[in-house]
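These notes are about the structure you will find just below.
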Amino acid sequence: MNPSIGSPATTLDDILITPELARRTSRAPDFEAEGRVLVALARVMAEAPESVLQVLCDRALELCHAGSAGVSVWDDAGPEAVFRWQATAGDYAPYVGGTMPGQFSPCGVVLERNAPLLMANPHRFFPYIANLCSPAREVLLVPFHQGGVVIGTVWVVAHSPDRHFDSEDARLVASLTQFAGAAVQMLNRVAATAAAEQSLLESENRFRALVTATSDVVYRMNADWTEMRQLVGREFIMDTREPSRSWLDVYIPAEERPRVTRAVQEAIRARHKFELEHRVVRLDGTIGWTFSRAIPILDDAGHIVEWFGTATDITERRRTEAESTHLAVTLGLAMEAGKLGFWEWDPTIDRATLSAQAREIFGVPDEASYGHEDLRSLLHADDRQRARDTVARAVAARKDYDIEYRLNPRDGESRWIAVRGRGIYDDDGHLLRMHGVVQDVHERREVEEGLRQQSDRMRLLWEAAAVLLTTEEPDSMIRRLFSKIAPHFGLDTYFNFMVDESGQFLRLESCAGIPDVVANSIRRLEFGQAICGAVAVSREPITATCIQQSADPRVQLVKGFGIQVYACNPLLAGDRLLGTLSFASRTRETFDPDELEFLKTICHYVTAAYDRLRLIRQLRDADRKKDDFIALLAHELRNPLAPIRNGLQVIRLADNDRDTLAWAREMMDRQLSHMVRLIDDLLDMSRINRNKMELRRARVSLTEIVASAVETARPQLDAAGHELIIALPAAVVILDADLTRLAQVFSNLLTNSAKYTPAGGRIWLSAERANGQIVVSVRDTGIGIPANAHPTIFDMFSQVDRTVERNSGGLGIGLALVKGLVEMHGGTVAVASDGEGEGTTFTVTLPEAERTTSDEAVLSEVSAPGGSRRILIVDDSHDGARSLAEMLRRLGNEVDTAHDGLAAVATAETFRPDVILMDVGMPLLNGLDATRRIRQQPWGRAVRIVALTGWGQENDRERSRAAGCDGHLVKPVELTDLQKMLRHLEV
C-alpha cells in the first residue's frame, strides 16, 4: 500500500467521514438479494456453524461491492487486548487470524464510540495500515454486541478511489452483524459446552470409581506402569500375554499419550484408583474409545505392588453423545439465529410455558404466568378471531397449524409474528398438550410489502411507458400519464414547463388540477422564477414540503393553489435542458424517498418521450423536405429543358436566319449551363456527405478567388440591378485552398444575396485579417432571415421562403454546399440577421496561409487556342460526337470520330491521333476496354486519352486512371475546361 496517498492526518476527525453516508445518493435496496444472504447464513449456522463467519465475509463482499471484508473480535485473553481478524475475504483474505491493536485502531474507535463509522484513507491516522497489501481508500465498520457490550465489528473496505460506500451499504452491514454476534456467541457457547462436558465426564468417572464393574478387557500393570504384565482384549483390543514395556505405543494413539501418562502419574502419586476415558487402538487398527479403571494393590506398608484394571468399549456411546450434543447446539443456535421462540401449553391447567426468545417476541416479562386467553389478548384485535378459528380447526382435525398475525401495538407499531403449533392427543383424541415455535417475521413482511409495492410500481412504469410510446401530442401524453400515476401517490396536480424555442424562458406545455384562467396566467415562467424556474437554472430536483406553512419565496406561487407538497424534476436529454415536470398534492405534506425516486424515474421516461417526439418531428420534416426537394428538382430540371426544346424547334424553322440561330444557340447554351450547375451542385453535395470530395489545394490569393466568384455571380447581380461593393485588405492575402471550390463558396453566397434581395439592392463583400485568420463577409439589404430559421439555414434543402425560391430557382442546397466546402478548408460559416426585411450577413472564417517570398497574385484567364492537334472523338451519340468535332475543328484542330469501342481502336490505328476523347459507356466494346487495347499497341502508348463521360464520382475517375486514361472530364464539358485539359496534356 502506498502510504503517501492523502496528506497525514493530525486528528482522528481528519479521517472520519461518517456524515457522508447520509449525504451520498444511495442505491435502491435489494431486499431480495439480502434475503437470500440471510437465509444462506441461517442454513450455514445450522449445518456448519464453524464456517458462518467466513460465509458472512464473502456475502458482505458481494452485497457491498467491496474490495475486502472481515469480522474482527475483541480478544483480551493475552497480555494486551487486540482485535483478532476471525474471518476475512477479498484482498485482505490472507490476513485471517491476524490482529490489530485493541485501542489504537479503526475497530478500537468503533468500540469506544459504539456506533457505525466511515473512514477515508485511515492510514493517515493509523500509519501501520499502509503496510497492508492493498490501499484502504474507505472503510465502513459496524459494531456487534453481546449483552449490550461491543464484542467486535463487521467491516468492508473499498480499495478503488471510485468506490464510495452509501447508507445502503451501512444498512446491509448492520443487518449482517446480527449473524456475526450470534456466530461469536455460538463459538463461545461451544467452548463452554465442552468444558461442561468434561466436568460431567469427571463426575461420571468419580461415580464409576465407587462401583466394581467388569468389562470385556482386563489388564495388570506393574507399580509404576512402565510394564504391562497382562491384557485380555476380548476382541476389542489386542491381547498381551507376555510383559510389555511398549504398551503405551501399541494401545494409545500418539495424541492421547500425554493425557494418559498424566492421569497415570497422578494416580500413582495419590495412590488412588485410575479412571480415564480415552481413545485406544482397536483390534482392527481403527481408533475407538474406552473407559479405563484401575485400582492399586498395596502391600502392608502401603506401597503399590501392582494395578488391576478393566476397560469398557464406549465408542458407540461417545459417537452418540457427540451427535446429540452437536444437534442440540446446532438446533439452539439455529433457533437463536432465526429468532425462534419455543412455547408449550397445558390445557389441563391452562398454563403456557415460553422460552426466553418467545417471551421477548410476545413482549411479556419473565416472571409473568399466562393462560391461553391471556396470550390471545396480546394479539391485534383484528386478528384474534382468525387465530382462534385456525387453532380450533387444527385441533378438530388433529393437524398442525401455521398462522401469521399481528401483536398489539408497542411503541406505536404492530409487529407481525408467525406461530406453528402441534397437538399431543391421547387415544381418545383428547388434547393433552400443545407445543410449537414462534418467530418475529415483521421484517420479512415489510420486505414482502416492499417487494409488492416495487412490483406494483414496476407495472405502473410499464403502463406509463406504454402511454409515452403511443401518444404523439405532448399535452395528451402528459395528461394520460398523470391519470395513471395520480391515484397511487395521492397527486392532485402537475405542471409541465418546456424551454421556449428562443431559449429565453419556460412556457407551460401542460398542466392539470388548476383552473384554466390560473393556467393562462403562468403560461410564461422566467428562469429562476418559482420552483420550476429554480430547477431549470440548477438542473437539480427540488422537493418542497409543508408548503402551506412555508415562507420560502419560491413556493409562494404554488402555495396559492392550496398545494402541500411539490416535487419538481428537470427534463434533461444529455446536457440539453428540455424543461421541467412537477407533481403535487394538496392532501399530503411529504413524499417518501421511494416515491420521489419513482417520480424522478417517470421524469426520465417523459424526457425520453419528448426526445422521441423530437426525432419523429425531425424525421417527418426530413421526409417532407425530401418530397419538396424531389418536386422542386423536377421543376428546376423542366425549366431549362423547355427552352432547350423550343430552341431546337427554332433552329429547324429558322433556315439561314443568322440572328435567330445565334439567339437560339445562346439561349440553349445558357439553359444548358444552368442545368449543369444544378447537377454539379447535387454531385458536390453528395461527395461532401460521403467524404469523397477531394480538394486541389494550392497557394492562391483571396483576390483571385473573389474575382472568380464575382465573375460567376455577375449575371445574376446585373440582372437584378444590384450594386456590389467589394472591400479587400490592401496587402495580398494568401490561402492554402482549392481556388475553384472557394470561388464556388463565395459565388453561392453572392447569388444567394442576389436572389433574396429586392431589385436595386446593395451587396457588400468585405474581408479582414483577425488573429491569423481571414474573415470574409457577404452582407445584403435583402428580405432577411427570421430567428427561428437560423439553426437550420445550412441544412440540406433548407429554404426560408418557398415562394421566392420558386420564383428565383434553386434546389435549396447552396448554403449546405457552402458549409461543407468551408469546413473542408478548416473554416467556419455563420449567419446573422435582425429579422425579416433587415438584410442578412454571412461570415466565412478561413485560416490564412503563411506568407513566403514567392507568393504573388495569380490571374486566371482562358488561353488562346493552341496549335493544331489530331483529335479522335469517340461517342455513341452521333450528335454529341459531331457537335464536339465541329467545335474543335473551328479551333484549328484535325478531328475524326468513331461511335463504338471497336471502331475507336480501328480508327485510332489508321488516324494516329495525338489526343483521344473517349466516351466510356458504348456498345460492342466500352471506352475503358478500348483504352486498354490501344495502350497495348506500340503506337498507342504515347497517345493522350481523356475519358469523356457523364459519371463524375471519384471511383469513376479511379477506374479511368486504372484503364490508362490521362484525364477525366464530365459531360457536358465546358470549352474552357477542355482547352485547359488539352494544354495540360501537352505539358
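The values are calculated or read from the model by the stated rules, or taken from the named source; none is laboratory data. Not measured: the values here are computed from a predicted model. Here the Cβ positions follow ideal geometry from the backbone for every residue, glycine too, while neighbour counts run over all protein chains shown. These accessible areas exclude ligands, DNA and RNA; they are computed on the full protein's heavy atoms, side chains included. Shrake-Rupley method; radii C 1.70, N 1.55, O 1.52, S 1.80 Å.
So, of the residues in segment 943-976 that are in a helix (DSSP H, G or I) and among the hydrophobic types (A, V, I, L, M, F, W, C), which turns out to be surrounded by the most Cβ atoms within 10 Å (Cβ to Cβ)? Here the residue is 963. Restricting segment 529-546 to residues that are in contact with an Asp or Glu (Cβ under 7 Å, 6 or more places away or on another chain) and either more than 16 Å from residue 595 (Cα to Cα) or not assigned by the TED database to the domain that holds residue 578 (or both) leaves a set whose member that is least open to solvent (accessible area, probe 1.4 Å) is 533. For segment 892-914, the set of residues classified as open to solvent by 50 Å² or more (accessible area, probe 1.4 Å) and not in a strand (DSSP E or B) consists of 899, 902, 906, 909, 910, 912, 914, listed by residue number.
Regarding segment 325-341, can at least one residue be identified that is closer than 30 Å to residue 56 by Cα and either assigned to a strand (DSSP E or B) or modelled with pLDDT of 90 or more (or both)?
Step one: of segment 325-341, the residues closer than 30 Å to residue 56 by Cα are 325-341.
Cutting the leftovers down to either assigned to a strand (DSSP E or B) or modelled with pLDDT of 90 or more (or both) gives us 340-341.
Yes, segment 325-341 has at least one match.
Residue by residue through segment 600-614, note down the ones that are over 23 Å from the mean Cα position of the chain (by Cα) and either closer than 18 Å to residue 482 by Cβ or of a type in the set (A, V, I, L, M) (or both).
First, pick out the residues of segment 600-614 that are over 23 Å from the mean Cα position of the chain (by Cα): 613-614.
Within segment 600-614, 613 is the sole residue that qualifies.
Residue 226 satisfies every condition listed in (1) open to solvent by 40 Å² or more (accessible area, probe 1.4 Å); (2) among the β-branched types (Val, Ile, Thr); (3) at pLDDT below 90 except (3).
For residue 138, state whether it is open to solvent by less than 50 Å² (accessible area, probe 1.4 Å) and either at pLDDT 90 or above or out of contact with any strand residue (DSSP E or B) (no Cβ under 8 Å at 6 or more places or on another chain) (or both). Answer is yes for this residue. Here residue 311 fits the description: out of contact with any Gly (no Cβ under 6 Å at 6 or more places or on another chain) and assigned to a strand (DSSP E or B).
For segment 812-831, a tally of residues being under 19 Å from residue 753 (Cβ atoms), open to solvent by 10 Å² or more (accessible area, probe 1.4 Å) and hydrophobic (A, V, I, L, M, F, W, C) returns 4. Remark: pairs (first residue in segment 449-462, open to solvent by less than 100 Å² (accessible area, probe 1.4 Å); second residue modelled with pLDDT of 70 or more; Cβ separation under 6 Å; 6+ apart in sequence or on different chains) = 450/31; 457/598. The sole residue among 382, 374, 346, 366 that is modelled with pLDDT of 85 or more and either more than 30 Å from residue 430 (Cα to Cα) or open to solvent by 60 Å² or more (accessible area, probe 1.4 Å) (or both) is 382.
Looking at 50, 62, which one is touching a helix residue (DSSP H, G or I) at 6+ places or on another chain (Cβ under 9 Å) and more than 20 Å from residue 136 (Cα to Cα)? Give the steps one after another, and end with the answer.
Values: 62 fails: more than 20 Å from residue 136 (Cα to Cα).
None of the other options fit; the residue is 50.
Of everything in segment 384-408, what is assigned to a loop (DSSP other than H, G, I, E, B) and in contact with a Ser or Thr (Cβ under 9 Å, 6 or more places away or on another chain)? Give them in sequence order.
Pass one, segment 384-408, residues assigned to a loop (DSSP other than H, G, I, E, B): 398-400, 408.
If the condition is that a residue be assigned to a loop (DSSP other than H, G, I, E, B) and in contact with a Ser or Thr (Cβ under 9 Å, 6 or more places away or on another chain), then 408 is the only one that fits.
Picking from residues in segment 129-187 that are of a type in the set (S, T, N, Q) and outside any helix (DSSP H, G or I), the one that is nearest to the chain's Cα centre (by Cα) is 160.
Residue 675 falls short on exactly one of the conditions (1) in a helix (DSSP H, G or I); (2) at pLDDT 85 or above, and that condition is (2).
Taking segment 19-64 as the region of interest, how many residues are at pLDDT 85 or above, assigned to a loop (DSSP other than H, G, I, E, B) and among the hydrophobic types (A, V, I, L, M, F, W, C)? Qualifying residue count for the region: 2.
Look at segment 395-408 and say how many of its residues are in contact (Cβ under 8 Å) with a residue 12 or more places away in the chain and farther than 18 Å from residue 439 by Cβ. So that I can check it myself, show each step before the final result.
Kept after step one, since they are in contact (Cβ under 8 Å) with a residue 12 or more places away in the chain, are these residues of segment 395-408: 395, 398, 400-408.
Those left that are additionally farther than 18 Å from residue 439 by Cβ: 395, 398.
Final tally of qualifying residues: 2.
Per the listing 587, 580, the residue uniquely farther than 23 Å from residue 449 by Cα, modelled with pLDDT of 90 or more and open to solvent by 20 Å² or more (accessible area, probe 1.4 Å) is 587. The set of residues in segment 530-557 being closer than 19 Å to residue 510 by Cα, hydrophobic (A, V, I, L, M, F, W, C) and modelled with pLDDT of 90 or more consists of 530, 531, 532, 534, 535, 536.
Would it be correct to say that residue 63 is closer than 27 Å to residue 163 by Cα, open to solvent by 20 Å² or more (accessible area, probe 1.4 Å) and out of contact with any strand residue (DSSP E or B) (no Cβ under 6 Å at 6 or more places or on another chain)? Here the answer is yes, as residue 63 does meet what is asked.
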